[in-house]
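Here's the structure, in structure tokens; my notes come after.
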Amino acid sequence: MSKQPRDDGNAAIPVLGFRPNKGHQVPFTVGASNTSPQFSDSIRVVTLFSTQDAFIETGDSTVTASNVTSHFLPADIPYDISLGDDVVATENDKFVAVIGSTSSGKLFISERE
């Protein structure tokens, strides 16, 4: 039985809650990539919100972001991203690296469950 909220037709609404005390703030600059703390093992989805345009990469503890080849994350728009699935439980996508596009800022990361 789903613990998800239900709509007026009693159908489950697929939405993940925020994991308590697992919000992260990662400051970044234009000149250097910065990496998030490691996410909990069971986390498969995180929400990202950046105060400035930035570039991101997911990976292991050595991941870095590049303002040339990484994925663009525009400012002020929340994005949910997948970190993998339950079939292959690895440490490969337990970090997010970020670098600023043209300004320094802060990346807010919320672990979802």
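Filtering the stretch 13-21 for residues that are of a type in the set (S, T, N, Q) and in contact with a Gly (Cβ under 7 Å, 6 or more places away or on another chain) leaves an empty set. Taken over the stretch 35-46, the criterion of being open to solvent by 20 Å² or more (accessible area, probe 1.4 Å) and closer than 16 Å to Phe108 by Cβ is satisfied by Thr35, Pro37, Val45. With respect to the stated conditions, Asp86 is out of contact with any helix residue (DSSP H, G or I) (no Cβ under 8 Å at 6 or more places or on another chain), assigned to a loop (DSSP other than H, G, I, E, B) and at pLDDT below 90. Selection of first residues in the stretch 68-79 that are without any contact (Cβ under 8 Å) to a residue 60 or more places away in the chain and of second residues that are open to solvent by less than 100 Å² (accessible area, probe 1.4 Å) and among the small types (Gly, Ala, Ser), restricted to Cβ pairs under 7 Å at least 6 apart or on distinct chains, gives the following pairs, ordered by first then second residue: Leu73/Ser50; Leu73/Ala54; Ala75/Ser50.
Evaluate the stretch 24-32: report whether one residue or more is in a loop (DSSP other than H, G, I, E, B), over 15 Å from the mean Cα position of the chain (by Cα) and at pLDDT 95 or above. Yes, that holds for at least one residue. Looking at the stretch 57-73 only, could you name the residues that are under 18 Å from Lys106 (Cα atoms), open to solvent by 40 Å² or more (accessible area, probe 1.4 Å) and outside any strand (DSSP E or B)? The answer is Thr64, Asn67.
Please work out if Ala11 is small (Gly, Ala, Ser), open to solvent by less than 60 Å² (accessible area, probe 1.4 Å) and over 16 Å from Phe72 (Cα atoms). Yes: the conditions hold for Ala11.
Filtering Gly59, Gly105, Gly100 for residues that are free of Cβ contacts under 8 Å to residues at least 40 places away in the same chain and either over 19 Å from Gly17 (Cα atoms) or of a type in the set (A, V, I, L, M, F, W, C) (or both) leaves a single hit, Gly59.
Of all the criteria given as (1) in a strand (DSSP E or B); (2) under 15 Å from the mean Cα position of the chain (by Cα), the one not satisfied by Pro20 is (2).
Does Ala54 satisfy the criteria of being of a type in the set (A, V, I, L, M), loosely packed, with under 12 Cβ neighbours inside 10 Å and within 15 Å of Ala97 (Cβ to Cβ)? Answer is no for this residue.
The values are calculated or read from the model by the stated rules, or taken from the named source; none is laboratory data. The model shown is predicted, which means the values in this text are computed figures rather than measured ones. So basically every Cβ, Gly included, is an ideal-geometry build from the backbone, and we count neighbours across all protein chains shown. When the accessible area is computed, the model is the full protein with side chains, heavy atoms only, and any ligands, DNA or RNA have been set aside. Shrake-Rupley method; radii C 1.70, N 1.55, O 1.52, S 1.80 Å.
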